[in-house]
Amino acid sequence: MGELLPFPYEGPGELAPVVLKALRRVVDPEVALNIVDVGLVYGVRVRPEEVEVDVTMTSAACPVADVILGDIVFELEQALPEAMAVEPRLVWEPAWTPERLSPNARRFMGW
């Protein structure tokens with residue numbers, strides 16, 4: 001598959017890089033970084049007719065949660081076969097912490 005996924009993934013191996021690339025196009029506008037590098041993606045399950053994405057926000061009061069969820073649907077619908085439904089699921093456990101930031105995100109934020 002090439003690159004190791006930074007989140008749990010269940011599904012066909014050939015779709016893993018497609019999913020990763022699509023999710024890297026989703027940007028958290030509050031920090032100007034993609035949701036993968038911010039560590040918001042907790043897991044992805046690809047089934048024959050559906051893809052579920054468990055995602056969190058940096059805080060429960062995140063004012064852009066709806067934007068991020070909508071962008072996840074948009075980017076995955078563009079990348080995956082047409083018949084697949086995209087279901088982002090907002091989860092709060094475990095709570096997001098700055099330790100979830102990728103090394104690139106840490107450098108970008110000066111940490």
Against the definition (surrounded by 10 or more Cβ atoms within 10 Å (Cβ to Cβ), farther than 20 Å from LEU20 by Cβ and either aliphatic (A, V, I, L, M) or in contact (Cβ under 8 Å) with a residue 12 or more places away in the chain (or both)), how does PRO98 come out, yes or no? yes
Do we have LEU76 as hydrophobic (A, V, I, L, M, F, W, C), under 23 Å from GLU14 (Cβ atoms) and either assigned to a helix (DSSP H, G or I) or in contact with a helix residue (DSSP H, G or I) (Cβ under 8 Å, 6 or more places away or on another chain) (or both) here? yes
Could you tell me whether any residue of the range 42-58 is among the aromatic types (Phe, Trp, Tyr) and touching a strand residue (DSSP E or B) at 6+ places or on another chain (Cβ under 7 Å)? yes
Checking ASP54 against (1) over 16 Å from PRO6 (Cβ atoms); (2) surrounded by 14 or more Cβ atoms within 10 Å (Cβ to Cβ); (3) in contact with a Leu (Cβ under 9 Å, 6 or more places away or on another chain), which single condition isn't satisfied? (1)
Identify, please: which residue in the range 13-40 is part of a loop (DSSP other than H, G, I, E, B) and either of a type in the set (Gly, Ala, Ser) or modelled with pLDDT of 95 or more (or both) and is, among those, nearest to LEU69 (Cα to Cα)? VAL26
Condition test on ARG24, is it within 9 Å of the chain's Cα centre (by Cα) and over 22 Å from GLU93 (Cβ atoms)? yes
Out of all the residues in the range 43-58, which are modelled with pLDDT of 95 or more, of a type outside the set (Lys, Arg) and within 16 Å of LEU76 (Cα to Cα)? GLY43, VAL44, VAL46, GLU50, VAL51, GLU52, VAL53, ASP54, VAL55
Across the range 16-32, what is the number of residues that are in contact with a strand residue (DSSP E or B) (Cβ under 7 Å, 6 or more places away or on another chain) and among the hydrophobic types (A, V, I, L, M, F, W, C)? 5
In the range 1-12, the residues that are surrounded by fewer than 18 Cβ atoms within 10 Å (Cβ to Cβ) and either within 10 Å of the chain's Cα centre (by Cα) or part of a helix (DSSP H, G or I) (or both): PRO6
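The values are calculated or read from the model by the stated rules, or taken from the named source; none is laboratory data. These numbers were taken from a predicted model, which means no experiment stands behind them. Glycine gets a Cβ as well: all are built from the backbone with ideal geometry, and neighbour counts include every protein chain shown.
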